[in-house]
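For reference, the structure discussed in these notes is given below.
The values are calculated or read from the model by the stated rules, or taken from the named source; none is laboratory data. Remember, it's a predicted structure, so these values are computed and weren't measured experimentally. Virtual Cβ from ideal backbone geometry, glycine too; neighbours counted across all protein chains shown. The accessibility values were calculated without ligands, DNA or RNA, using every heavy atom of the protein model including side chains. Shrake-Rupley method; radii C 1.70, N 1.55, O 1.52, S 1.80 Å.
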Amino acid sequence: MYACDFEYDGQYLSDYGFVICNLNGTSDFDTVSAGSRITFNTVSRHRGKMYSLTGTQYDECITATFDICKNPDEYDDLRITNDEYRDIMRWLNRREFLKFQVLNEDDKEQETCYYEASFNVDKIMVNKVLYGLELTMETNKPFGYGQELSVSWNVSDTTKTYVLSDMSDEIGYTYPSMVITCNRAGDLTIHNEMEDCTMVIKNVSVGEVITIDGSTHIISSSLDSHKIYDDFNFEFFRIGNTINNRNNRISASLPCKLEFTYSPIIKDTPD
């Protein structure tokens with residue numbers, strides 16, 4: 001796959017008349033850190049004959065360095081003007097991490113892995129004239145994400161279980177965002193067999209809509225009269241996967257509509 005464009009904060013590199021290029025004789029992405037490097041913390045046993053694992057952690061976020069220049073198919077003069085440089089800097093050199101994804105030449109509409117990133121920018125000069133920019137991408141995580149996935153069910157039979165497949169590359173669990181539309185009053189319980197987790201919200205009403213942000217762990221109700229934090233067991237719903245099983249079997253104690261959204265973890269790097 002040959003990367004020719006990228007999207008950042010809802011805008012495209014091609015919108016600025018630039019392309020990913022090769023200005024120093026190496027590949028498009030000159031330096032790439034895989035990021036998903038695990039540090040294994042161990043303690044010695046039996047005078048160093050054995051080491052027991054005490055914990056693991058990620059110590060690096062994904063980084064990548066690559067070049068951009070004006071598109072030679074659109075410009076005869078490839079020199080970057082001061083205004084063009086300032087526009088690129090204003091767009092990419094941000095004090096926050098924003099959505100970034102690479103687009104390849106074969107299918108620019110193809111959905112790819114995305115990252116939360118920002119950029120440091122260096123000038124590439126030829127005879128004191130600016131012809132290119134070297135971008136150093138910094139991300140806030142040791143992995144990327146796939147495009148957001150959504151699943152919804154209308155639960156009418158409370159004895160039935162529904163299956164949600166966790167497509168993350170990372171073995172473990174994640175907290176999806178949820179929208180719950182209640183179709184019967186009472187105490188609502190939502191259970192996941194995979195994670196053995198049970199979320200309880202008491203005193204729900206017919207037509208009440210409960211929203212849960214999986215990232216911030218904020219729960220809210222469409223009814224101001226429902227003091228939901230007094231009726232919530234504070235076990236936020238989660239989904240997960242093991243090396244052999246991705247299927248989360250989910251059940252609800254009351255008729256309702258359940259909507260789940262999450263972005264699966266992708267252990268990949270721009271290429």
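Tabulated data for the structure shown
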{"read-out": "Residue list for the stretch 151-179, filter: over 25 Å from the mean Cα position of the chain (by Cα) and open to solvent by 50 Å² or more (accessible area, probe 1.4 Å)", "value": "Asn154, Ser156, Asp157, Thr158, Thr159, Lys160, Thr161"}
{"read-out": "Where a residue in the stretch 239-266 is more than 22 Å from Tyr145 (Cβ to Cβ) and at pLDDT 95 or above and its partner, wherever it lies, is part of a loop (DSSP other than H, G, I, E, B) and of a type outside the set (Val, Ile, Thr), with Cβ under 6 Å and at least six apart", "value": "Arg249/Glu193; Leu254/Arg184; Pro255/Ser156; Pro255/Asn183; Pro255/Arg184; Cys256/Asn183"}
{"read-out": "Residue in the stretch 193-203 that is touching a strand residue (DSSP E or B) at 6+ places or on another chain (Cβ under 8 Å), farther than 14 Å from Ser251 by Cα and open to solvent by 30 Å² or more (accessible area, probe 1.4 Å) present", "value": "yes"}
{"read-out": "Matching residues, the stretch 220-262, being assigned to a loop (DSSP other than H, G, I, E, B) and under 28 Å from the mean Cα position of the chain (by Cα)", "value": "Ser222, Asn233, Phe234, Glu235, Phe236, Phe237, Arg238, Thr242, Ile243, Asn244, Asn245, Arg246"}
{"read-out": "Enumerated strands (runs of 3 or more DSSP E) restricted to the stretch 3-67, each holding at least 3 residues that are at pLDDT below 90 and loosely packed, with under 10 Cβ neighbours inside 10 Å", "value": "50-58"}
{"read-out": "Some residue of the stretch 135-145 being aliphatic (A, V, I, L, M) and more than 30 Å from Ser118 (Cα to Cα)", "value": "no"}
